[in-house]
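Here is the structure we will look at.
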Amino acid sequence: MSSRFTKGSLWELTIDANCIPEGRYTFREAQDELLIFGVGSSISFGLARDFYTPFLRPVRDTTAERTSATTFINKYADLYVSQSLPKVAASGFTFCVMDQRLRKRFSTLVRLAGRRYH
């Protein structure tokens, strides 16, 4: 990959990474083997560097729209409910943390979405 991960740069995740939806996200930092991205100030998620780097593309257009917290939470909840088992090995590790307000919204969406699948 010809681009470096620079704090504050915009990247497009071109696939759903477990429950992390594809979209455009701000790079925050690299920690060991993880790349940490953010959605505004209220959501952070990590992707296993070696596994997901091929699915990340730098966004050079400074006016490009970033994925919003609302869009992220809605898609994240749908993916969370629809996936019964992880589809990738541990090498495709991901995690997501969010503030209390969004976590409550996420829980509500999971509960409502779960009714559609049962």
Here segment 49-57 yields Karplus 3J(HN,Hα) values (6.51, -1.76, 1.60; θ = phi - 60°; whole Hz; Gly and Pro given as x) of 4, 5, 6, 9, 3, x, 9, 10, 10
From DSSP H assignment alone, runs of 4+ in the chain each adding -39500 (n - 2.57), the sum over residues rounded to the nearest 500 puts [θ] at 222 nm at -9500 deg cm²/dmol
The extension gain from Phe95 to Phe55, computed as 0.36 nm times the residue separation minus the Cα-Cα distance, is 12.8 nm
So Glu22 and Gln83, fully extended at 0.36 nm per residue minus their Cα-Cα distance, gain in nm 20.4 nm
Computed ³J(HN,Hα) along segment 24-39: with the Karplus parameters 6.51/-1.76/1.60, θ = phi - 60°, integer Hz and x for glycine or proline, the list is 10, 9, 8, 6, 9, 5, 10, 10, 6, 9, 10, 9, 9, 10, x, 10
Measuring from the longest principal axis of the C-alpha atoms of the chain, the long axis of helix 69-82 (C-alpha) lies at a number of degrees, nearest 10, equal to 60 degrees
In degrees rounded to 10, the 0-90 angle between helix 100-117 Cα long axis and the longest Cα principal axis of the chain is 60 degrees
With the convex hull built on the alpha-carbon atoms of the chain, volume per residue in Å³ sits at 102 Å³
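Throughout, read-outs are computed from the coordinates displayed, never taken from laboratory work. The shown structure was predicted, so the numbers you read here are calculated from the model rather than taken from an experiment.
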